[in-house]
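Taking it in order: structure first as structure tokens, then the write-up.
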Amino acid sequence: PQKTSFHRSQTLGYKNGFAFSQLPTVGIGGERLYVNQLSQAELDELSNVRPTLTYGQAKQAPPSGFIPAHVAFDKKILKFDAYFQEDVPLSAEEHYRIRQVCIYYYLEDDSMSVIEPVVQNSGLPQGKLIRRHRVPKNDHGDHYHWKDLNRGMNITMYGRTYRIVDCDPFTQVFLESQGIQLNPPEEMVFDPYTELRRMPTPKYVTPSDFDQLKQFLTYDKQVLRFYAMWDDTDNMFGENRPYIIHYYLADDTVEVREIYKQNDGRDPFPILIKRQRLPKTFMEKKKTFPSCVLEISDQEVLEWYTAKDFAVGKSTTLLGRTFFIYDCDEFTRNFYRDKFGITDFQPVEIKKKPLEQVPQVIPPYNGFGFLEDSLQNCFSLLPKPPRKDVIKMLENHHKVLRYQVALESPNPEDRKRRFILSYFLSNDMISIYEPPVRNSGIIGGKYLGKTRVAKPGSTADNATYYEPSDLTIGSTIEVFGHRFVITDADEYVLNYMESNAESFPAATLQSLRDHFRPRQVVKEIANSDIATLGTSKQELDELVRQVQEELKLHKSLNNKNIREAFLQCNEDGSGILDKAKFLALCDSLGVPTKAFLVNKV
């Protein structure tokens with residue numbers, strides 16, 4: 001309140017024509033300012049830099065390069081050994097558990113991680129407990145720094161307290177170089193339950209008067225070998241099976257091994273009874289004593305099997321199985337001769353019972369597939385196709401005998417149906433085909449696929465099939481319940497049978513000759529007429545050309561109708577018409593007939 005002057009001091013002015021500024025020495029109100037006055041240290045410094053002001057700034061060394069923390073502390077890690085304790089509430093054997101961990105502090109970015117070494121079969125999720133990151137120290141946003149870590153201290157991270165007991169040499173050198181005084185190291189605490197399990201289980205050995213060590217040193221690697229048979233034929237599917245009995249003299253144990261032969265059909269389990277001491281006589285005990293669930297000890301056994309209980313020619317019962325010993329090896333003979341004075345080691349000859357021959361019963365044929373094919377299923381689990389006559393197939397390849405057959409039926413419509421029966425000489429199979437006939441009301445096509453046709457009265461045990469010798473003109477064949485009459489055949493059938501006359505009956509060959517004789521006579525007469533008239537082949541071709549030109553002049557004629565009409569008139573299949581019938585048929589069809597062409601024809 002006593003101040004009367006409130007103006008600010010003048011700091012700007014001119015001297016010798018130059019503007020300059022000066023620091024205020026008096027503040028508002030006329031009070032003296034001590035802030036802008038030079039201290040004694042600053043005055044001393046100005047006196048020291050007078051040469052610099054006179055001669056200029058001295059040259060200084062360039063500053064050292066800046067190295068960032070992530071380069072200076074790259075791959076430099078502080079390692080601390082620690083442990084933490086966790087409660088085990090639901091266990092009668094342990095109340096708490098000690099888990100050892102390693103705390104890593106990364107200097108390059110001040111991050112931390114906690115890793116627990118993995119212990120095999122521990123049953124605990126081990127490994128990385130806390131991933132690498134900056135671990136918060138408190139609720140104020142502070143993070144743990146390497147200055148906060150030391151030996152012999154507790155550190156809490158995310159609610160779990162870790163006790164740091166020691167560190168590695170690099171960590172110790174680094175912390176001491178930074179002026180941190182380290183606490184003395186502590187001993188690592190181990191889990192008491194884990195240490196208890198590592199202790200060896202105590203073994204109690206009952207003292208005995210018998211010197212087992214002397215027996216082992218005397219008879220080590222000395223084994224008695226006996227050849228025995230187990231007769232199990234009284235049971236279902238039982239048999240006589242050979243075995244080898246080994247008696248180990250070192251510890252009086254017995255082993256029974258099976259003998260396997262090639263392709264005997266058994267699984268390779270070589271040991272029937274593993275090496276063990278076998279009881280011979282048991283102590284008397286109550287019937288209610290549960291001996292089946294207890295291990296056999298010396299208190300339950302009165303006598304064990306020894307080397308005296310095995311002899312050639314005698315039977316021995318081992319764990320309920322009776323083995324008959326019929327022979328032994330040379331070492332066993334020498335041992336019994338020297339030890340017990342036994343000299344009779346005559347081997348017993350084992351006679352095998354002959355196997356009962358079971359007759360094979362072939363089931364009846366079920367009608368599926370060929371008879372030979374179905375029969376292979378009765379001989380093996382993996383049936384093989386029946387063998388074929390390859391030579392016959394190669395010699396008679398593409399050789400087919402064709403016959404014309406008529407269906408023998410009480411139905412009048414079926415009697416007019418004609419079929420082509422083909423007999424394949426390569427495999428003795430028969431197929432039937434019905435040529436389509438226009439306006440007949442019956443769809444033609446394949447009537448029977450290629451198959452072997454059995455004769456009537458043949459059985460599955462003695463099957464007989466149709467052969468070419470059975471196919472004669474006028475004969476009747478039965479195909480799966482349908483009867484067919486053979487009415488015609490190809491000329492190839494007659495030519496083939498005449499060329500192989502020794503393979504066919506005379507009656508079959510004679511029936512074909514009688515059937516084809518009228519056709520051969522007509523051909524001979526026609527050939528003789530042509531020869532007498534002096535008609536050459538050129539004249540005949542000229543006659544055919546003239547007839548074709550004459551027919552082309554009449555475009556209204558239907559050649560298909562003319563052909564069908566001529567085929568209907570050829571009832572006997574001879575292919576011959578007399579002149580009167582030919583002229584009448586041409587008039588009915590409107591075919592022009594010139595006298596000179598008809599005479600030539």
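The values are calculated or read from the model by the stated rules, or taken from the named source; none is laboratory data. None of these values were measured; they are calculated from a predicted model. Neighbour counts are summed over all protein chains in view; Cβ atoms, including those assigned to glycine, are modelled from backbone coordinates with ideal geometry. Heavy atoms of the whole protein, side chains included, go into the accessibility calculation; ligands, DNA and RNA do not. Shrake-Rupley method; radii C 1.70, N 1.55, O 1.52, S 1.80 Å.
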Quiz item: Which condition number does residue 383 fail, the rest of (1) under 25 Å from residue 463 (Cβ atoms); (2) out of contact with any helix residue (DSSP H, G or I) (no Cβ under 6 Å at 6 or more places or on another chain) being met?
Solution: (2)
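Sort out which residues of the stretch 127-141 are open to solvent by less than 70 Å² (accessible area, probe 1.4 Å) and either free of Cβ contacts under 8 Å to residues at least 12 places away in the same chain or out of contact with any strand residue (DSSP E or B) (no Cβ under 9 Å at 6 or more places or on another chain) (or both), and write them in order of number.
Going through the stretch 127-141, the residues open to solvent by less than 70 Å² (accessible area, probe 1.4 Å) turn out to be 127, 129-130, 133, 135-136, 138, 141.
Result: 136, 138, 141.
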Quiz item: Just checking, how many residues over the stretch 330-374 are aliphatic (A, V, I, L, M), surrounded by 11 or more Cβ atoms within 10 Å (Cβ to Cβ) and more than 30 Å from residue 451 (Cα to Cα)?
Solution: 3
Exercise. Please list, ordered by first then second residue, the pairs with beta carbon atoms under 6 Å, 6 or more apart or interchain, first in the stretch 311-334 and without any contact (Cβ under 8 Å) to a residue 24 or more places away in the chain, second acidic (Asp, Glu).
Key: none
Practice problem: Identify, from the list 162, 144, 158, the residue that is within 30 Å of residue 75 (Cβ to Cβ), open to solvent by 90 Å² or more (accessible area, probe 1.4 Å), outside the structural domain of residue 320 (by the TED database) and touching a strand residue (DSSP E or B) at 6+ places or on another chain (Cβ under 8 Å). | Solution: 158
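What residue, of 477, 473, is at pLDDT 75 or above, surrounded by 12 or more Cβ atoms within 10 Å (Cβ to Cβ) and within 30 Å of residue 367 (Cα to Cα)? Explain how you work it out, then say what you get.
Working: 473 fails: within 30 Å of residue 367 (Cα to Cα).
After ruling out the rest, the residue left standing is 477.
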Quiz item: Here are some conditions: (1) open to solvent by less than 60 Å² (accessible area, probe 1.4 Å); (2) touching a Phe, Trp or Tyr at 6+ places or on another chain (Cβ under 7 Å); (3) within 28 Å of residue 494 (Cβ to Cβ); (4) free of Cβ contacts under 8 Å to residues at least 60 places away in the same chain. Residue 449 meets all but one. Which one does it not meet?
Solution: (2)
Quiz item: Within the stretch 386-405, which residues are touching a helix residue (DSSP H, G or I) at 6+ places or on another chain (Cβ under 7 Å) and more than 22 Å from residue 470 (Cβ to Cβ)?
Solution: 386
Practice problem: Return only the number of the condition from (1) under 18 Å from residue 76 (Cβ atoms); (2) in contact (Cβ under 8 Å) with a residue 12 or more places away in the chain that residue 172 does not satisfy. | Solution: (2)
Quiz prompt | From 233, 281, residue being touching a residue at least 24 places away in the same chain (Cβ under 8 Å) and of a type outside the set (D, E, K, R) | solution = 233
Practice problem: Return only the number of the condition from (1) more than 30 Å from residue 189 (Cβ to Cβ); (2) hydrophobic (A, V, I, L, M, F, W, C); (3) open to solvent by 100 Å² or more (accessible area, probe 1.4 Å) that residue 90 does not satisfy. | Solution: (1)
Quiz item: Somewhere in the stretch 310-329, is a residue open to solvent by less than 90 Å² (accessible area, probe 1.4 Å), in the same structural domain as residue 250 (by the TED database) and farther than 30 Å from residue 233 by Cα?
Solution: no
Exercise. Would you check if residue 87 is within 30 Å of residue 68 (Cα to Cα), free of Cβ contacts under 8 Å to residues at least 60 places away in the same chain and among the charged types (D, E, K, R)?
Key: no
